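The values are calculated or read from the model by the stated rules, or taken from the named source; none is laboratory data. These numbers come from a predicted model, not from an experiment. Note: ideal-geometry Cβ built from the backbone for every residue, glycine included; neighbour counts use all protein chains shown. Surface accessibility is based on the protein's heavy atoms, side chains included, excluding ligands, DNA and RNA. Shrake-Rupley method; radii C 1.70, N 1.55, O 1.52, S 1.80 Å.
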Amino acid sequence: MTNALFAQDALLPSGWAQNVLFQWDTHGLLTSVTTDTTGPAGAEVAAGPVIPGMPNLHSHAFQRAMAGLTEYLGDPQDSFWSWRKLMYQFAQKIDPDTLEAVARQLYTEMLKAGYTSVCEFHYVHHDVGGKPYANPAELSARLVKAASETGMGLTLLPVLYQHSGFGEKAPLPEQARFINNPDWMLNLLASLEQQHPAHTGLTYGVAPHSLRAVGPAALQYMQQHLHQQLPGAPIHIHIAEQTKEVDDCVTLTGQRPVAWLLDHLPVDERWCLVHATHLQPEETAAMAASQAIAGICATTEANLGDGIFDGVNYLQMGGRWGIGSDSHISVSMVEELRLFEYSQRLRDRRRNALATADHPNLAEYLYQSALAGGAQATGRPVNGLQTGQRADLLVLDAEHANLVHKPQHQLLAGLVFCQHNTTPIRDVMSGGKFVVKQQVHATESQTSTGYKAALKTLLDA
Ligand code: NGQ
Ligand code: ZN
């Protein structure tokens, strides 16, 4: 039997099931998921328990190459803003070839870590100096290439970027590579659609960078025209990550960023509000009610000293969320989930903080929620192991020290809340094809050679 996999144990949207047969079509979409079958019936047999692959809802691919390069005290008041200066200097060095090599390495690492989809919040558009490339979509196309060649599902979100701060301040010279306008963006999307048509593994949306970088009129115009051109396409925005941003927004508008956005734009399930770190209780409630996704990037938020998301209240209110590795100082979905929970424990001095009476199995609850929210943010059919969704799955090693002898309901806690230097993620399937087998990605050695050469170029530049 081709395009079929049998798993003795599999995590479905309804929970753990036994003797599950998965079948999928040539687009990589599941056509049937049958539980309690009598056996493999000629299908390939999964080497361990099967769980759905996780979407990564926030990535700036080029930042993978600067991981670990900003961990020294420069400015005595070192902060997000001094980190950003260093990040801008690094962004000047990126060219099409280095971006492609870094993205290929990053997507390989993500797949091995269990991320089978990524949303690229992509804002380095132009040449150094700000001149568009001969193909204005050059750098976007390199990300598409890296994703397709590694087997990573991609939602490409070209970034709209116009200003250096609230009140439509003129951009800084170091932002020249990012600057564009809504019509340029809509043309870019049309040309990308033509060069690389969407399919189950690739889709497009847009990312107004932040309320700092895009003014109200452009934001309105962008979202209206986007949904004429690409109905239902996702819109992601950075919001309320730093208190300075909140203060500047209040000074200009009298409202905090999340409150302002919810009041002035039709924020709904197509939207992903990345970070949303600083919320007043009314904002938490309104954001949960909007059905937008909160994009939690716990390791980056910790690294940059952002603050702690209002997770306990937001989840109690049924708020939707997913995880992103953002600056890629860590590429580990289990670390994102764990740190999200641990940030709440440290703040509130309690345990199992994000679990609820209805969902006492914390690891399973976190996993299933981040999966559903992440899938919504991708705008692609990646919402778990059910008919019509992509065959994106992970095969766990049941003999791993953190899983061995455990009942089904303890497996995800063994994955998420134990960390002992080896991962129990054994094989990874993306769109019906195994891209990682026994913890090795099919093209990882060429990828690694290319990455090392690119990193040398970037460090020498
Ligand atoms: C970014 N990253 O666009 O890469 C941002 C920093 C900004 C994070 N916020 C730049 N983590 O927000 O202005
Ligand atoms: Zn970001």
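Listed values, structure above:
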{"item": "Computed [θ] at 222 nm, deg cm²/dmol, the chain (DSSP H ≥ 4; -39,500 (n - 2.57); rounded to nearest 500)", "result": "-11500 deg cm²/dmol"}
{"item": "Separation of the residue 73 and residue 456 label points, Cα + 7 Å toward Cβ, nm", "result": "3.6"}
{"item": "Förster radius 56 Å - calculated FRET efficiency between residue 308 and residue 1 (Cβ-Cβ, nearest 0.05)", "result": "0.70"}
{"item": "Viscosity 0.890 mPa s, temperature 25 °C, Stokes-Einstein D of region 343-430 from Kirkwood C-alpha radius, µm²/s", "result": "166"}
{"item": "Inverse of mean 1/r across different Cα pairs in region 9-81, Kirkwood, Å", "result": "16.7"}
{"item": "Which of 265, 277, 316, positive extreme of dipole for region 247-326 (C-beta unit charges)", "result": "316"}
{"item": "Positive minus negative residues near residue 317 (Lys, Arg vs Asp, Glu; Cβ under 14 Å)", "result": "-3"}
{"item": "Debye log10 I(q)/I(0) for region 65-214, one point scatterer per Cα, at q = 0.12 Å⁻¹", "result": "-0.54"}
{"item": "For region 54-136: relative contact order, % (alpha-carbon pairs under 8 angstrom, 6 or more apart)", "result": "53"}
{"item": "The chain - convex hull of alpha carbons, volume per residue in Å³", "result": "142"}
{"item": "Cα lying deepest toward the dipole's positive end in the chain, options 221, 361, 45, charges on Cβ", "result": "45"}
{"item": "Dimensionless Rg/Rh of region 303-449 - Kirkwood Rh, Rg from C-alpha atoms", "result": "0.97"}
{"item": "Where only alpha carbons of region 57-131 are counted, the Rg and the Dmax (Å)", "result": "13.8, 40"}
{"item": "Contour minus Cα-Cα distance for residue 250 and residue 401 (0.36 nm per residue)", "result": "49.2 nm"}
{"item": "Neighbour net charge for residue 45 - beta-carbon separation under 14 angstrom, K R +1, D E -1", "result": "-1"}
{"item": "Total formal charge among the other residues, if their Cβ is under 13 angstrom from that of residue 174, Lys/Arg +1 and Asp/Glu -1", "result": "+4"}
{"item": "Reciprocal mean inverse distance between Cα atoms of region 159-227 - Kirkwood radius, Å", "result": "12.8"}
{"item": "Cα-based Kirkwood hydrodynamic radius, region 214-303, one decimal, Å", "result": "13.6"}
{"item": "Long pairs among 93/456; 85/131; 131/244; 93/452, criterion Cα-Cα beyond 19 Å", "result": "85/131; 131/244"}
{"item": "Accessible area per residue, Å², the chain with all protein chains present, probe 1.4 Å", "result": "38"}
{"item": "Carbon + sulfur, % of accessible area of region 47-149 - ligands and nucleic acids excluded, 1.4 Å", "result": "53"}
{"item": "Three-way shape call for region 294-377 based on the alpha-carbon gyration tensor, with the a/c threshold at 1.5", "result": "oblate"}
{"item": "Computed over region 380-461, Cα set: Rg, Dmax in Å", "result": "16.9, 53"}
